[in-house]
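Here's the structure, in structure tokens; my notes come after.
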Amino acid sequence: MKRINKFVLRSVYPPVLWGALWLCEASGFIFMLAEWRDYPQWHDLMSMGTFRADALHFKFLYAFCISASVLLVVTAVVFRHSLVRSLELLKLADEERSIDAMRKALSSALASFSVNTSDGYMSYEGCTVKVPPRVAVFLDALVLKEDYTLSLEELNGLFHARFYDGTESSHSRIRNIKCTVHKTLQDTPFDVVRDASGNFRLVLKR
């Protein structure tokens, strides 16, 4: 928890600092404009003796306004970029924490789960059922993976090189094994799903 809090603080610091800097710049800009607003009342611009000095003064004011505006825009852009980046990091950290929590819960549940590929049996909490040999091999490989995920290439390595080759028949084999695995696991807290990349993932049922 402490590590997470430190990470959150490190992620929040940059946008907070850039936001505070922008507010300081904007406050200074508004203050200077307020100071210059009454400038014509302090000086007689119709006096030829002060006309050139006042004209130069307003040139400086114009240059200041342009420079301050550019600085405010640049700071705002950096602030927005920093904020978006921080939100992305926080979202990624939250997803990683969710994945870690799910893996820990899955690992704990798998302590009561076993697969016998030689005899084609699956056991969970003392309840043993007969499963097709191919399903036993599939589940055993899935449980042994650190991330509980099997790619289609790894599936070809388990069975044969053309188990999945993109053809309609290979798609049918994939659907069949997924359906069979789903039925096999129906009395357990586990299930097998396909992720966005098409990989098979062992998950806990919700």
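The values are calculated or read from the model by the stated rules, or taken from the named source; none is laboratory data. Note that the structure is a prediction, hence the values are computed from the model and not measured. Cβ: placed from backbone, ideal geometry, glycine included. Neighbour counts: every protein chain shown.
Any residue in region 72-100 that is assigned by TED's automatic domain parsing to the domain that holds G28 and closer than 26 Å to Y148 by Cβ sitting within a Cβ distance under 8 Å of a residue that is exposed (fewer than 11 other Cβ atoms within 10 Å of the Cβ) and modelled with pLDDT under 85? List the pairs, counting only those 6 or more apart or interchain.
none
Identify, by number, the condition in (1) in a loop (DSSP other than H, G, I, E, B); (2) touching a residue at least 60 places away in the same chain (Cβ under 8 Å) that L106 doesn't meet.
(1)
May I ask you to list the residues in region 154-171 that are closer than 20 Å to L142 by Cα and part of a helix (DSSP H, G or I)?
Across region 154-171, the qualifying residues are E154, L155, N156, G157, L158, S170, H171.
Looking at K59, K145, K91, can you tell me which residue is among the charged types (D, E, K, R), under 38 Å from the mean Cα position of the chain (by Cα) and modelled with pLDDT under 85? Show your work before the answer.
On the way: K59 fails: under 38 Å from the mean Cα position of the chain (by Cα); K145 fails: modelled with pLDDT under 85.
The conditions single out K91.
For region 172-206, give me the residue count where each residue is touching a strand residue (DSSP E or B) at 6+ places or on another chain (Cβ under 7 Å) and outside any helix (DSSP H, G or I).
So in region 172-206, the residues touching a strand residue (DSSP E or B) at 6+ places or on another chain (Cβ under 7 Å) come out as 178, 181-182, 184-185, 188-195, 199-205.
If we keep only those that are outside any helix (DSSP H, G or I) too, we end up with 185, 188-195, 199-205.
Selection size over region 172-206: 16.
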